[in-house]
Amino acid sequence: MKPDLFQAPDYYNLDELLTDEHKLVRDAAREWVKRDVSPIIEDYAQRAEFPNQIIKGLADIGAFGPYIPEEYGGAGLDQISYGLIMQEIERGDSGVRSTASVQSSLVMYPIWKYGNEAQRKKYLPKLASGEWMGSFGLTEPDHGSNPGGMTTNYKDMGDHYLLNGAKMWISNSPFCQIAVVWAKNEEGRIHGLIVERGMEGFSTPETHNKWSLRASATGELIFDNVKVPKENLLPNKSGLGAPLGCLDSARFGIAWGAIGAAMDCYDTALRYSKERIQFGKPIGQFQLQQKKLAEMITEITKAQLLAWRLGVLRENGKATSAQISMAKRNNVEMALKIAREARQMLGGMGISGEYSIMRHMMNLESVVTYEGTHDIHLLITGLDVTGLNAFK
Ligand SMILES: Cc1cc2nc3c(=O)[nH]c(=O)nc-3n(C[C@H](O)[C@H](O)[C@H](O)COP(=O)(O)OP(=O)(O)OC[C@H]3O[C@@H](n4cnc5c(N)ncnc54)[C@H](O)[C@@H]3O)c2cc1C
């Protein structure tokens, strides 16, 4: 792969909106991605393998629980810092960002928000340091966009719960030590349970043959009469709103992360357009190529503003789920379109692993689908503005 010469676009001087701490956190993540991710990631994606050796680096840059308080091992940062870290990691690879998102927003967040003090103390420091990795089981073979229809369930057996069912498309599942699993009790109410590797009847087969997020491990979570200790139930929130609260946090991170992938595609195409000579001049001198680049930087700038404003709202506890949906949907589509345009700008080289663009493009096909599909987020905005529910 080509050396990582990335230079971040900042067309509207958005750095002026950031604090010194934001810039410090972002620059540390950027440097780490250049040093430890860019040189190896193409190879791991080609081999469809997660690079385990980067787990410690992810922990060191604060990617595991950026906003979780320091007393539980988190970095104690604000929401914009969290967003900037996700942006930088996804600039390297959406699969690596997915690993960090799941650990932070889908595993640490519910333990922090819905767990009790003993659960926080037991799990959060180990997850923050990367000693333990977690996964989040919501999607089932027959229930994706409609998780409320889930059939995974548990029964109260007096001294323990008995868990049965299956989850699929689960990031980090093949190597996770724990899984936060959403299941219905005998009354049909959804609760979160912490399932630990080694519990009898719990298995995590890997999903192979993905053309997307190849450097992220995906698999199933299978529960065959798993005895879950009662102290592993998350006591402080139940119902579908509990997993949806986690998804708000993860979708917020994706809205920022997608900007990273878009910036990398734009920066690569811009550099290439100045170096590649056809018809005796750099291709960047042709109006058709300039149109592509001008539209890319316009869309990136709009997405940056959306993410920044959302960060301010979320930091102040004011961001609505619908606002988060809008940003996730807009920014991922923006990134996907830029990846496709940038790929064309590199001609034949655009499909080569010498450059990051095709990998970003394929990764973003998962990002536009997971954590609520493009259609579902549109319907959430539709519901919000009309008050009329298209899901019913
Ligand atoms: C690589 C990868 C990693 C993932 N990681 C995780 C994870 O860690 N944990 C987890 O729980 N899940 C995870 N997922 C699952 C992901 O969240 C689901 O794939 C997603 O929610 C969509 O569900 P589905 O695939 O069953 O599609 P479906 O729900 O079957 O949707 C199929 C199509 O129908 C459309 N559709 C559905 N309902 C409606 C409607 N009411 N109106 C209009 N159109 C509709 C959808 O937009 C989509 O285009 C992951 C998925 C992938 C691909």
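The values are calculated or read from the model by the stated rules, or taken from the named source; none is laboratory data. Keep in mind that this is a model prediction, so the values were computed, not measured. Cβ atoms come from the backbone with ideal geometry, glycine included; neighbour counts cover every protein chain shown.
Quick one: in region 185-205, which of the residues that are farther than 18 Å from TRP132 by Cα and within 15 Å of the ligand (Cβ to nearest atom) is surrounded by the fewest Cβ atoms within 10 Å (Cβ to Cβ)? Outline the logic, then answer.
Keep residues of region 185-205 that are farther than 18 Å from TRP132 by Cα, which gives 185-192, 200-201, 205.
In the following step, the residues that additionally are within 15 Å of the ligand (Cβ to nearest atom) were identified as 190, 192, 205.
Details: ILE190: 21, GLY192: 25, PRO205: 12.
Top of the filtered list is PRO205.
Mind listing whichever residues of region 206-261 are away from the ligand (no atom under 16 Å from the Cβ) and of a type in the set (Ser, Thr, Tyr)?
The answer is SER238, and nothing else.
Of all residues in region 148-165, count the ones that are within 28 Å of GLY65 (Cβ to Cβ) and either within 8 Å of the ligand (Cβ to nearest atom) or buried (at least 16 other Cβ atoms within 10 Å of the Cβ) (or both). Working first, answer last.
Taking region 148-165 and keeping what is within 28 Å of GLY65 (Cβ to Cβ), we get 148, 150, 152, 154, 161, 163, 165.
Narrowing the set further to residues that are either within 8 Å of the ligand (Cβ to nearest atom) or buried (at least 16 other Cβ atoms within 10 Å of the Cβ) (or both) leaves 150, 152, 154, 161, 163, 165.
Of the residues in that region, 6 qualify.
Taking the stated definitions as given, is ALA319 part of a loop (DSSP other than H, G, I, E, B), in contact (Cβ under 8 Å) with a residue 24 or more places away in the chain and surrounded by 18 or more Cβ atoms within 10 Å (Cβ to Cβ)? It would help to see each step written out before you state the result.
Values: part of a loop (DSSP other than H, G, I, E, B): yes; in contact (Cβ under 8 Å) with a residue 24 or more places away in the chain: yes; surrounded by 18 or more Cβ atoms within 10 Å (Cβ to Cβ): yes.
For ALA319, the condition - part of a loop (DSSP other than H, G, I, E, B), in contact (Cβ under 8 Å) with a residue 24 or more places away in the chain and surrounded by 18 or more Cβ atoms within 10 Å (Cβ to Cβ) - is met.
Look at region 358-369 and say how many of its residues are touching a helix residue (DSSP H, G or I) at 6+ places or on another chain (Cβ under 8 Å) and either farther than 28 Å from TYR266 by Cβ or within 13 Å of the ligand (Cβ to nearest atom) (or both). I'd like the intermediate steps shown before the answer.
Of all residues in region 358-369, those touching a helix residue (DSSP H, G or I) at 6+ places or on another chain (Cβ under 8 Å) come to 358-361, 363-368.
Imposing the further condition that a residue be either farther than 28 Å from TYR266 by Cβ or within 13 Å of the ligand (Cβ to nearest atom) (or both) reduces the set to 363-368.
Residues flagged as touching a helix residue (DSSP H, G or I) at 6+ places or on another chain (Cβ under 8 Å) and either farther than 28 Å from TYR266 by Cβ or within 13 Å of the ligand (Cβ to nearest atom) (or both) within region 358-369 amount to 6.
Within region 335-381, can you find the residues that are surrounded by fewer than 17 Cβ atoms within 10 Å (Cβ to Cβ) and either touching a Pro at 6+ places or on another chain (Cβ under 8 Å) or not in a helix (DSSP H, G or I) (or both)?
SER352, GLY353, GLU354, THR373
So, of the residues in region 112-147 that are within 12 Å of the ligand (Cβ to nearest atom) and of a type in the set (Gly, Ala, Ser), which turns out to be farthest from ASN185 (Cα to Cα)?
GLY134
Tell me, please, whether a residue that is part of a loop (DSSP other than H, G, I, E, B), modelled with pLDDT of 95 or more and either touching a Lys or Arg at 6+ places or on another chain (Cβ under 7 Å) or closer than 22 Å to ALA242 by Cβ (or both) can be found in region 382-391. Break it down stepwise before answering.
Of region 382-391, the ones part of a loop (DSSP other than H, G, I, E, B) are 387-391.
If we keep only those that are modelled with pLDDT of 95 or more as well, we get 387-390.
Next, from what is left, pick out any that are either touching a Lys or Arg at 6+ places or on another chain (Cβ under 7 Å) or closer than 22 Å to ALA242 by Cβ (or both): 389.
So far as region 382-391 goes, yes, one or more of its residues are part of a loop (DSSP other than H, G, I, E, B), modelled with pLDDT of 95 or more and either touching a Lys or Arg at 6+ places or on another chain (Cβ under 7 Å) or closer than 22 Å to ALA242 by Cβ (or both).
Considering region 10-57 alone, what residues qualify as being of a type in the set (Lys, Arg) and either over 22 Å from MET133 (Cα atoms) or not in a helix (DSSP H, G or I) (or both)? Break it down stepwise before answering.
Taking region 10-57 first, the residues of a type in the set (Lys, Arg) are 23, 26, 30, 34-35, 47, 56.
Matches in region 10-57: LYS23, ARG26, ARG30, LYS34, ARG35.
Which residue out of TRP211, TRP182, TRP169 is in a loop (DSSP other than H, G, I, E, B) and either surrounded by fewer than 21 Cβ atoms within 10 Å (Cβ to Cβ) or touching a Gly at 6+ places or on another chain (Cβ under 7 Å) (or both)? So that I can check it myself, show each step before the final result.
Working: TRP182 fails: in a loop (DSSP other than H, G, I, E, B); TRP169 fails: in a loop (DSSP other than H, G, I, E, B).
That would be TRP211, the only listed residue that is in a loop (DSSP other than H, G, I, E, B) and either surrounded by fewer than 21 Cβ atoms within 10 Å (Cβ to Cβ) or touching a Gly at 6+ places or on another chain (Cβ under 7 Å) (or both).
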